[in-house]
Amino acid sequence: MAGRVWKFGDDVDTDQIIPGRYLADWNKHPEKLGQYCFADVRPEFAQNVKPGDIIVAGRNFGCGSSRESAPTAIKMAGVQLVIADTFARIFFRNCINIGLLVLESPEAARAVQEGDELELDPVGKIRNLTQGTEYPCKPVPPFLQEILDAGGLKPYVQKRLAARD
Amino acid sequence: MPHTVTEKILAHAAGLPSVTPGDLINARVDNVIGHDITTAAFRVLEKWGIDRVFDPEKVLFTVDHFVPSPTQDAAAQLKDLGNYIERYGIKHYFAPGHGGICHAIFPEAGLIRPGTVVVGSDSHTCTYGALGAFSSGMGATDVAAAMALGEVWLKVPATIRFDITGRLGPWSTGKDLILYVIGQIGVDGALYKAMEFTGEAVRALPMDDRFTICNMAIEAGAKNGIIEFDETTRGYVEGRVKEDYLVFHSDPDAEYETTYRWDASAIVPMVAQPHSPANVAPAADVKGVRVHQVVIGSCTNGRISDLRAAASLLKGKKVAKGTRLLVIPATQQVYLEAMREGLLEIFIEAGGMVTPPTCGPCFGGHMGLLADGETAISTTNRNFPSRMGHKGSRVYLASPYTAAASAVAGEIVDPREVK
């Protein structure tokens, strides 16, 4: 499914993604977070984002706090995929755990423009329908792919717990 | 084969003879730590149908972010957390009034052991590296898994060594050292890596400064920060840590991805300017920036020696007109000690507000937010856009000396000028 791009720069931190003041009891109603996503730095985002849209960012996307509410807010806003040059490590783990697709592609991070239409093809290439180009992306490490394929961390935990009994 | 201290701790926790950077391992965790926002991890366990934690003695909880509860949502979260604590039988729970900020209270209470693996749902969990432990922050779902299993999957990080030679000057602290390091390598300069701090300048530092240094490893993107166990560490854990612990050292010929060697004489009182912990300059270079608020506290700099440092410059002085001073002891014990030593009197007579232990202003939650156009100098760890309040506000990060001196001046100053 093609999606429209929201372009961001380097070092987008989790406070920008979801400000701390929204975190009291966020997990009871995670679906509420989408409306606050990028509330301070890009207030038009939550108003105009459409299901299936794509975020493309520079280096170190998601740096800062360990808040899982950050990828949750992005997911609840309807974003299907985040592409970045690099990701901060806690954020990356959190995305895998909540099932938000994240891909590293320095090429896409460089070339993609705000508003471009992108499509992820089944072999893992990112196709830019607006510019008529395509970009490679780093494959998700096999171990993480297993977690994703299993539907998140729950089956992994249950398997390991069962192995002990 | 020689190894770094991080690799040795992880090999031991994984039950392996050795590990190499890049290896995927399952590591036994000694402690899993959390705070009020980590209530989310209990909700995950509940959703997964898991009704017990791996060891109720080893899951540590406190209340520090939204405390005292500033909103009804926060109050509801605190109530739910209390219920989960009871239901899961968590033994070490520091309710409001009984503990304080996670990365100060858990070491203070002797609950973190050198040589172990600690994970927690707070990015500054890397603080415990100061005790010679491997510690790393994760999100709620990872932490829920660790609470259930008593283990985590990890990719063994390569280590970057920071060898700081010489001695810090009397007005330079662990905070200035870590700001200097982050200023040199950037906010992703240690992405996915271990940061090992060593050298004469680090060895000479007391524990409180070491906690500050390891606390901010995450601000360079690191997985963990660590300082090898030595006599200073032993002095801190003796009488505190009741259980046995393990001591690991890096081999002299261990392989580091990079070694940075800097002389401590370059580490003058520093500030991180808006809006990045890596936007670092000597305090003297930004002299004259007007400050509306000064915050002294947090998991980075809210320990007793931090309050002593601040008090030494505030004694008999007044906070400048138009500037607010907030002093936030990191734990109830720090608060008591500060009271007994007469530090609270110094802060109050100077015109400062002393609050209970809380993360409130640090993360822009409550208890001292900034208005549009206001500037703060703060001993906390992050100065991202809108971190402490309005998106039009600005935060400078600094040591307790620099923050206190700036409170008196009403503008940023190098503490050496006003001592």
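The values are calculated or read from the model by the stated rules, or taken from the named source; none is laboratory data. Bear in mind that the values here come from a model prediction, so they are computed numbers and not experimental data. We place every Cβ from the backbone using ideal geometry, glycine too, and count neighbours over all the protein chains shown.
Brief remarks on what is shown
- Of the candidates B:V44, B:V19, B:V32, B:V53, the single residue that is modelled with pLDDT of 95 or more, in the same structural domain as B:R234 (by TED's automatic domain parsing) and under 21 Å from the mean Cα position of the chain (by Cα) is B:V32.
- 3 or more residues more than 8 Å from chain B (Cβ to nearest Cβ), surrounded by fewer than 24 Cβ atoms within 10 Å (Cβ to Cβ) and in contact with a strand residue (DSSP E or B) (Cβ under 9 Å, 6 or more places away or on another chain): qualifying strands (runs of 3 or more DSSP E) within the stretch A:1-111: A:3-7, A:101-104
- Test result for B:V354, at pLDDT below 95, touching a helix residue (DSSP H, G or I) at 6+ places or on another chain (Cβ under 7 Å) and surrounded by fewer than 22 Cβ atoms within 10 Å (Cβ to Cβ): no
- Taken as a whole, the structure places A:L129 among residues that are more than 15 Å from A:K7 (Cα to Cα) and at pLDDT 95 or above.
- Any chance B:G322 is out of contact with any helix residue (DSSP H, G or I) (no Cβ under 9 Å at 6 or more places or on another chain) and surrounded by fewer than 21 Cβ atoms within 10 Å (Cβ to Cβ): yes
One line per residue, one yes/no per condition, for (1) in contact with a Phe, Trp or Tyr (Cβ under 6 Å, 6 or more places away or on another chain); (2) without any contact (Cβ under 8 Å) to a residue 12 or more places away in the chain:
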residue	(1), (2)
B:E7	no, no
B:G15	no, no
B:T20	no, no
B:L24	yes, no
B:G34	yes, no
B:I37	no, no
B:G49	no, yes
B:E57	no, no
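- Residue selected from the stretch B:31-55 under the condition assigned to a loop (DSSP other than H, G, I, E, B) and more than 9 Å from every other protein chain (Cβ to nearest Cβ), by the criterion surrounded by the most Cβ atoms within 10 Å (Cβ to Cβ): B:H35
- Here A:Y135 clears all of (1) among the aromatic types (F, W, Y); (2) surrounded by 15 or more Cβ atoms within 10 Å (Cβ to Cβ); (3) over 17 Å from the mean Cα position of the chain (by Cα); (4) within 13 Å of another protein chain (Cβ to nearest Cβ) except the condition numbered (4).
- Some residue of the stretch B:75-91 being acidic (D, E) and part of a helix (DSSP H, G or I): yes
- Test for B:A74: is it under 25 Å from the mean Cα position of the chain (by Cα), assigned by TED's automatic domain parsing to the domain that holds B:T198 and more than 28 Å from B:K193 (Cβ to Cβ): yes
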